[in-house]
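These notes are about the structure you will find just below.
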DNA sequence: AGTGATTGACTACGTTTGTAGTCTTGGTGT
DNA sequence: ACACCAAGACTACAAACGTAGTCAATCACT
């Protein structure tokens with residue numbers, strides 16, 4: 001029943017999604033630049049992620065190697081779903097509309113979306 | 001720089017977005033069904049929202065009438081933006097793809113999206 | 001005018017989060 | 001063999017959150 005992953009924890013996940021398994025030290029190293037977190041902080045976050053069931057570890061000698069148990073993809077799917085449900089009753093169109101307004105989707109983006117939608121339409125037959 | 005609106009606070013906002021201005025009692029009444037929160041809880045949340053700058057109040061006699069200072073639309077825009085930035089480098093296409101996969105966009109949804117995208121394309125010229 | 005209900009202000013309190021620090025133990029290098 | 005260091009376990013602690021409770025003022029009614 002993997003609980004909520006917080007903002008800070010997400011950054012740790014992202015490091016692990018970029019590469020895994022990793023030891024705590026390595027995760028900390030990769031995050032140091034963006035976050036300035038101490039190794040201790042990263043270890044705490046890793047532990048909490050393990051508790052929450054989002055990360056697993058295997059023992060390698062005296063150290064732990066951490067791996068995500070949830071794929072970035074499935075995490076993204078759930079997060080997107082939650083946002084859509086909360087804000088747009090699960091509808092995609094208004095969500096895209098908002099994206100378009102706020103970000104100014106590029107022509108390429110629009111093209112890509114058009115193609116994607118064509119595909120989805122075809123698949124739904 | 002109105003701070004983060006939490007999940008519980010969001011529900012209060014949603015009540016105010018549905019109708020405003022409202023007195024605390026009325027907000028509580030509207031939320032009672034979904035949340036079971038006591039009036040006290042709702043009042044606390046309203047106060048916090050005022051502190052955070054998301055809600056304003058005017059005095060009407062001895063009671064407050066609360067109104068959202070942020071529109072649901074602009075809140076949605078920012079939330080969507082944040083999600084897209086965090087998960088998809090701001091790109092809409094993968095976001096829609098995830099929605100499609102997780103929710104199974106209906107044919108109508110797809111049609112609506114296609115139309116929307118045509119519009120956006122036209123606008124971007 | 002007195003009493004009770006209602007309102008916002010302030011306080012409370014356990015949990016989660018962000019961000020570490022201390023303790024213990026098991027390798028490492030000499 | 002031993003001193004040291006790095007790894008995880010456990011502890012810390014303030015701020016934010018979820019969810020109320022208490023208090024003082026005030027309005028509404030008898």
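The values are calculated or read from the model by the stated rules, or taken from the named source; none is laboratory data. Note that the structure is predicted; figures quoted are calculated from it, not measured. Note that each Cβ is placed from the backbone with ideal geometry, even for glycine, and that neighbours are counted across all protein chains shown.
Taking helices (runs of 4 or more DSSP H) as the structural unit, those lying wholly within the range A:1-93 and holding at least 1 residues that are over 30 Å from residue B:114 (Cβ atoms) and touching a helix residue (DSSP H, G or I) at 6+ places or on another chain (Cβ under 7 Å) correspond to A:7-18, A:24-35, A:39-51. Just wondering, is there one or more residues in the range B:39-57 that are more than 8 Å from chain A (Cβ to nearest Cβ) and farther than 20 Å from residue B:4 by Cα? So far as the range B:39-57 goes, yes, one or more of its residues are more than 8 Å from chain A (Cβ to nearest Cβ) and farther than 20 Å from residue B:4 by Cα.
Just one residue in the set B:108, B:85 is within 28 Å of residue B:12 (Cα to Cα) and more than 7 Å from every other protein chain (Cβ to nearest Cβ); that residue is B:85. Annotation note: Cβ proximity below 8 Å between a residue of the range B:1-18 that is more than 13 Å from every other protein chain (Cβ to nearest Cβ) and over 12 Å from residue B:70 (Cα atoms) and a residue that is at pLDDT 95 or above and near DNA strand D (Cβ under 6 Å from one of its atoms) (sequence gap 6+ or interchain) occurs for B:12/B:45.
Could you look through the range B:89-105, keep only residues that are facing another protein chain (nearest Cβ under 7 Å) and under 15 Å from residue A:105 (Cβ atoms), and pick out the one that is surrounded by the fewest Cβ atoms within 10 Å (Cβ to Cβ)? Walk me through it before giving the result.
Narrowing the range B:89-105 to residues facing another protein chain (nearest Cβ under 7 Å): B:90-93, B:95-103, B:105.
Narrowing the set further to residues that are under 15 Å from residue A:105 (Cβ atoms) leaves B:90-93, B:95-97.
Working: B:90: 17, B:91: 20, B:92: 25, B:93: 21, B:95: 25, B:96: 27, B:97: 22.
Filtering the range B:89-105 for residues that are facing another protein chain (nearest Cβ under 7 Å) and under 15 Å from residue A:105 (Cβ atoms), the one surrounded by the fewest Cβ atoms within 10 Å (Cβ to Cβ) comes out as B:90.
Taking the range A:45-69 as the range and being surrounded by fewer than 16 Cβ atoms within 10 Å (Cβ to Cβ), near DNA strand D (Cβ under 9 Å from one of its atoms) and at pLDDT 95 or above as the test, the residues that pass are A:47, A:50.
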